[in-house]
Structures are given as structure tokens and as C-alpha cells.
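Beneath this line is the structure, given in C-alpha cells, with notes to follow.
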Amino acid sequence: LTTGADGTAQADTNYYPIPKFSFLNQDSLWITQKDYEGYITLVDFFFTDCPSICPVMSKEMERVNDHFRDDPNVQIFSISIDPTYDTPQILKAYAEEHHAIPGKWHFLSGSKEETFQLARCGFVLPALDGNGVPDDFVHSDKFILIDDQGRIRGYYSGTTREEVDLLMLETKILLHGKE
């Protein structure tokens, strides 16, 4: 809530809602924006054979996954920007490699068009199609914090330990506000 010019409380409208989407996870289950409802959700964009920032981001997300392992109100969505290669089977192996907690950390893959539309317009992130050349994929290093109403609450560098620590702290603040 914020205070208006007349001193009355007003709803804060600075949070951006996530648009509709439908992607398959590593268990071949459909995940949609409705799966955000009631959860604090942490989101990143990656691809499994990324030669640059993704390995660091995935290791940092492992820390987040471990930190909130016992909290049923926190979930993670890692969305592949290379859906042609990142099939549910590839994502399943990647999830196991990164010790993803089943039902908590979802690795998602959808159509290329929907993925890039969601990244650019839904999450307001830079994402450019490399036309099949892995080194030409351009995507953000950001982890996105989504509140339990499906609204973006913050962006954090997934390659910087201090930023990921801040993400975890602000996730706890959102959780505490729910209690």
C-alpha cells in the first residue's frame, strides 16, 4: 500500500503481472501461470548446453533450491530458451544433475515463439534467438522474484552470490508477510 496525495491508503500498482503461458516440465506435466497462484516463485531463463552464464546460474539456483527445500510456499521455474534441444528428457537429466527437488524446481520448455514472447514481454528481459547457434543465444542473467499473486517483485543477478543472497532474503520477507 502507498499513501495518496489526500493521505488515504491506495493499492500499490507498480507490480507487473505475468501473462498466460503453458509449458511442459521435466516430468512432461503442463505448467501454466496458474501454478504461480499462492506461491512465491523464482524464475530464470537458461538452456542446458549453454556455454556461458547458465552453469553459474544453475549452481546459484541450486543454493536457492536447497535454502527453501522445506518451505512448501516457494517454487522455482527455470525456463529453457532452447526448446528444440531441451526436451522433457534432457530437462529431467539436468534437473537430477542439479539436485532439483521434484515438485519444487520445475525445468520448463515450450514453443520458441512463446518462450521468447514470455521472456521479452512477460518478464521484460532481453532474449534474442541465436538461430540454432548456441553462442548466439543472448539471455539475461536475472533471477525474477514473483509474489503469491503472480506479480514481479524484483530482479537479481543469478551470477552474483550477493545478489542471490538478497533474493533469498527478500523471498523470506515476502513469506513472512504472508503469515
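The values are calculated or read from the model by the stated rules, or taken from the named source; none is laboratory data. For clarity, every value in this text was computed on a predicted model and none was experimentally measured. We place every Cβ from the backbone using ideal geometry, glycine too, and count neighbours over all the protein chains shown. When the accessible area is computed, the model is the full protein with side chains, heavy atoms only, and any ligands, DNA or RNA have been set aside. Shrake-Rupley method; radii C 1.70, N 1.55, O 1.52, S 1.80 Å.
Taking all protein chains together, TRP105, TRP30 sort by accessible area into TRP30, TRP105, largest first [probe 1.4 Å]. Spin-label pair HIS67-ARG151: with each label point 7 Å from Cα along the Cα-Cβ axis, the two points sit 2.3 nm from one another.
Give, in whole angstrom and from largest to smallest, the semi-axes √(5λ) of the equivalent ellipsoid of the range 44-115, with λ running over the eigenvalues of the Cα gyration tensor.
Equivalent ellipsoid semi-axes, largest first: 20, 13, 11 Å.
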